[in-house]
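The values are calculated or read from the model by the stated rules, or taken from the named source; none is laboratory data. For clarity, every value in this text was computed on a predicted model and none was experimentally measured. Virtual Cβ from ideal backbone geometry, glycine too; neighbours counted across all protein chains shown.
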C-alpha cells in the first residue's frame, strides 16, 4: 500500500508524465497568461500599505514607507501581497510548487556553501508557501521590467529581459527533465550556470560579487561593527555591538535574556549533527537591527557569539510573519511561521545555511540563520544595457531549478512544449503589471506628500 501519496511499486514512463503536462496545456494554454494586470477586487495601494502595517513596530512604519516611495521597483519589493491579490483567480496550469513567494529580480543572491563554494540562488523566503508556479515566474518577469526602467533601459530592452527570463525558465525545465533525478536535484547554481544560460556578459559581475561575498563573514562584521570591553564578572575581553540608529540599536537586559532563551530553544530545530556545533558557542551581545524593505517594522535581532579562541559567529533572529500570499491560496496556515519558512527554504534552495532553524520569543515566531554568511548580490537596477537580459536568463534558470524540487520537471516540460507563446504572453503581462505598479507607487507618493502616511528617509 502506498504511504503518504508515495508509490514505489508502479513505474510511470517519462512520456506518460509529459503527456499529463500536455493535457494541462490543452486546458490552460500558455496564451491564457496574457491576462489583465489588476484584479477588480484588489485594494488600493495606500489601503494595502496601511493594512500591511499590522503587527509591525509603529516606530519603524515611517522608515518602511520611506523605502517604498524611493521608486516603483522599491514599492514592488514591499508589495508581494498586493500582487498576490492581483494574481488570485488568474489562469493557472494546476501544478503546485513550493513558491519563493517573492521572486523579484533583487531576491537572487550569492552565498557560500558549507564547503566554501560561492553559488547564486533565491535568497529570501519570508513569503514561501505552496502555490501556482506561475506566480513566482510572473513576479520575476514584472520585476525585470521595473528594474530595467529604474536603470534607464528602453522599453524594448525591458520587455526582452522579461521574455528572456521566461524563456530561460522553460529551457532549464526541459534540460532538467532529461537528467537523472539525482543529478537534477543536486545541481548547484555556481558560476558555470552563466555559460549554460548564455549569460556570459555577467561573468565579470558575478566574479566581482563573489569576491566581495567571500569577505562578507562574521569576522568582518565583528571587526567593523563591534568594540571590545572587559566583562566585569569574568574579567574576560568580550565584544559588544556599536550602535548605528535606527539600523542597529542596543536592547535592554530583559530582552537580551529572552533572545538567548530563544536561541537555546532554536537548537532543537537544527539537524542533529549541528546541535553539538552550536552548543559550543556562547552569546556575547544582542542588538536590534532593521532589515529589508518588505520586512521593515518586523522584529529582528542579531546575536554575537564567541567560539574557539578569537572566533565569532553572528546569527540573525528575524520575526516570521504569515506569508503575504496566504490569504489568496488554499494552503492551511502553519502551526509555526518560522517552521514554514525553514521548510520552504530547505525544499527550494540548492544549499541551505547549516544553522538555519526557528524559535519563539515572547510568543512570536522567528527564523534563525547566519547573518551575512559569505553573501553578495548583483544589483539588477545597476546593470549595463546589454547585461539586463543576461540577468533575466540567469534568474529564470535559477527559479526553474528551484521549482523542479517540488514539481516534476517532466510535467512542466510537457506543459511548455517547444514554442515561445509563454514567453510572449508573460512578457506582455509583465509590462502591463509594471505600468500598474508605477501607478500604485504614484498613489503612495501622493499620500505621503498629502501627509496621509508618514515617510522617513
Residue count, segment 343-354, condition buried (at least 21 other Cβ atoms within 10 Å of the Cβ) and either farther than 28 Å from residue 73 by Cβ or assigned by TED's automatic domain parsing to the domain that holds residue 104 (or both), comes to 0
Q) Is one or more of the residues making up segment 191-198 assigned by TED's automatic domain parsing to the domain that holds residue 30, more than 20 Å from residue 376 (Cα to Cα) and not in a helix (DSSP H, G or I)? A) yes
The residue that is surrounded by the most Cβ atoms within 10 Å (Cβ to Cβ), considering only those in segment 169-190 that are free of Cβ contacts under 8 Å to residues at least 12 places away in the same chain and outside any helix (DSSP H, G or I), is 179
- Flag if residue 63 is farther than 19 Å from residue 299 by Cα and not in a loop (DSSP other than H, G, I, E, B): no
Residues of segment 97-128 being touching a strand residue (DSSP E or B) at 6+ places or on another chain (Cβ under 7 Å) and at positive phi, in sequence order, are 101
Within segment 98-117, residues closer than 19 Å to residue 342 by Cβ, in contact with a helix residue (DSSP H, G or I) (Cβ under 6 Å, 6 or more places away or on another chain) and surrounded by 24 or more Cβ atoms within 10 Å (Cβ to Cβ) come out as 99, 100, 102, 103
**Message:** Within segment 368-378, does at least one residue satisfy the condition of being under 18 Å from residue 120 (Cβ atoms), part of a helix (DSSP H, G or I) and at pLDDT below 95?
**Reply:** no
Please verify whether residue 215 is surrounded by fewer than 23 Cβ atoms within 10 Å (Cβ to Cβ), modelled with pLDDT of 95 or more and at negative phi, treating the condition exactly as stated.
no
Among residues of segment 1-14 being surrounded by 10 or more Cβ atoms within 10 Å (Cβ to Cβ) and at pLDDT 90 or above, the residue nearest to residue 178 (Cα to Cα) is 14
For this session: May I ask you to verify whether residue 256 is touching a strand residue (DSSP E or B) at 6+ places or on another chain (Cβ under 6 Å), in a strand (DSSP E or B) and free of Cβ contacts under 8 Å to residues at least 60 places away in the same chain?
Result: no
Check on residue 24, in a loop (DSSP other than H, G, I, E, B) and either more than 14 Å from residue 414 (Cα to Cα) or in the same structural domain as residue 423 (by TED's automatic domain parsing) (or both): no
A careful count of residues in segment 408-455 that are under 24 Å from the mean Cα position of the chain (by Cα) and part of a loop (DSSP other than H, G, I, E, B) gives 1
If we ask which residues in segment 339-365 are under 20 Å from residue 264 (Cα atoms) and in contact (Cβ under 8 Å) with a residue 12 or more places away in the chain, their number turns out to be 16
